[in-house]
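What follows is one structure encoded as structure tokens, with my remarks underneath.
No value in this document is a laboratory result; all are computed from the given coordinates. Since this is a predicted model, take the numbers as computed values, not measurements. Glycine also receives a Cβ, built like all others from the backbone with ideal geometry; neighbour counts cover every protein chain displayed.
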Amino acid sequence: MNEIPLVILTPAKIYEPYPITSVVLKVAAGCNLNCSYCYEYNMGDDSWKRKPAGISDDIVRLLATRIRDHVARWGQKEFTISLHGGEPMLLGAARISHIVSLLRDGIGDATQLNFGMQTNGTLLDDDAVRVLNCAGVQIGVSLDGDGRANDLYRVDRNGNGSHARATAGIEAIRRTAPEAFGGILCVINELSNPAETLAHLASFNPPVIDFLLPHGNWDRMPPHKDGGMDLRYGRWLCAAFDAWFDGPFSHISVRYFESLLAEMMGGHSTTEAIGPGVVTLLTIATDGAMEGVDTMKSVYPGAQDLKIKLDLCSFDDALKAEHLKMRQCGLEGLCDECKACKIGHICGGGYFPHRFGNNRGFHNPSVYCHDILMLAEHMRLRVKQAVSKS
């Protein structure tokens with residue numbers, strides 16, 4: 001399959017675009033790890049092989065121009081850039097600092113720029129952290145729990161676990177520039193103990209922990225999930241929520257739980273993984289290609305491709321692409337099942353790539369629909385009980 005079925009893209013209502021407010025910038029196309037669940041390298045899409053290993057100064061300067069023009073046109077005062085890969089630290093901290101400087105110089109002082117970097121942590125040391133901190137980069141590290149849980153999937157090219165090296169990188173941040181610690185990103189290992197996983201991640205005192213459900217869809221089930229009614233991930237999340245809600249770690253932000261709670265209470269999610277909010281994110285590849293969210297690569301090869309590049313197209317051109325339009329329709333873009341569901345307005349149909357199925361494209365509930373429903377009902381009950389006791 002090469003194209004997304006047009007029938008599910010944009011609702012009949014008049015579409016009004018929202019400006020791009022953040023970019024995932026792929027500064028490196030390769031990685032020193034070989035995580036078995038990785039959407040970039042191990043789920044069928046091999047477009048990275050045809051990309052430059054590292055982004056060039058020319059592409060960075062062109063991106064700065066596109067961002068500068070876009071924020072000026074839309075009157076934006078703030079913009080977020082997340083440095084990503086592959087593994088961005090393959091370029092070295094000095095190169096990353098140079099990229100940040102080019103972007104700051106090219107975009108100018110009229111817009112507040114927020115820089116983050118997502119890394120596997122294995123290449124961080126004290127010197128690298130100092131350089132990144134001086135450049136104003138917040139450092140997020142990927143870690144899936146303790147050594148046993150993390151090293152089941154997060155291994156290097158020789159099959160060796162990454163936990164020891166990743167945690168050494170985290171300790172370098174905590175030791176050298178704790179203010180640069182952006183948090184920990186944890187892909188749920190359904191075989192791990194939820195409470196122990198939370199406790200291990202919390203032991204590093206991150207400002208935020210973000211749990212991610214492993215990528216999968218109706219045509220390609222997530223790891224060990226036996227159909228939509230298999231609730232193993234829902235049970236994992238409920239147990240992790242209890243450990244957070246009842247335990248000594250409630251002072252640490254857990255983005256998935258807080259976002260779901262916010263939506264329940266009339267607020268707004270801070271993650272695109274949950275909630276009906278409009279997505280205003282664009283991915284830029286190392287060759288300057290403009291893409292939808294990069295996790296679309298987990299759906300089918302090329303699903304992320306907008307078929308436009310920075311040298312010929314503006315961000316406003318990207319807003320015309322169906323890939324982005326269908327993610328900016330909010331509740332109007334959900335399937336009938338989600339619109340009729342009692343929590344459809346809360347979960348927003350779940351994470352977009354997880355809705356895919358060849359029969360109806362993205363016009364489905366998330367493959368994790370019943371897991372999310374289980375978690376939402378559990379959280380509602382726990383909060384109600386806590387309020388009644390207060």
* Counting other Cβ atoms within 10 Å, keep those with at most 16, restrict to DSSP loop, and tell me which trypsin sites (Lys or Arg not before Pro) in the range 305-346 are left. => K320, K342
* Structure fact -> Cross-link reach from K342 to aspartates and glutamates, straight Cα distance under 15 Å and at least 8 residues apart if same chain, gives E263, D371, E377
* Asked: Considering the values (1) 36, 23, 21; (2) 30, 27, 21; (3) 38, 22, 20, which represents semi-axes √(5λ) of the Cα gyration tensor in Å as calculated for the structure under consideration?
  -> (2)
* Asked: Relative contact order (percent) for the chain, with alpha-carbon contacts under 8 angstrom and 6 or more residues of separation?
  -> 21
* **Antiparallel %, DSSP beta bridges [both residues in the chain], to 5** => 25
* Given Cα pairs under 8 Å that are at least 6 residues apart, what percent is the relative contact order of the range 158-259? -> 30
* Proximal lysines relative to K325, as straight alpha-carbon distance under 19 Å, when same-chain residues fewer than 8 apart are discounted -> K13, K297, K307, K309, K339
* Structure fact -> Interchain or sequence-distant (5+) residues whose placed amide H lies within less than 5 Å of the amide H of G116 are I81, S82, L83, Q138
* Asked: Roughly how many nanometres apart are two label points built 7 Å out from the Cα toward the Cβ at D311 and N205?
  -> 4.9
* To do: Report the label-to-label distance for D156 and E16 in nanometres (one decimal), using points 7 Å from each Cα along the Cα→Cβ vector.
  => 5.3
* Where does each of H98, H224 land when they are ranked from fewest to most other beta-carbon atoms within 10 angstrom? -> H224, H98
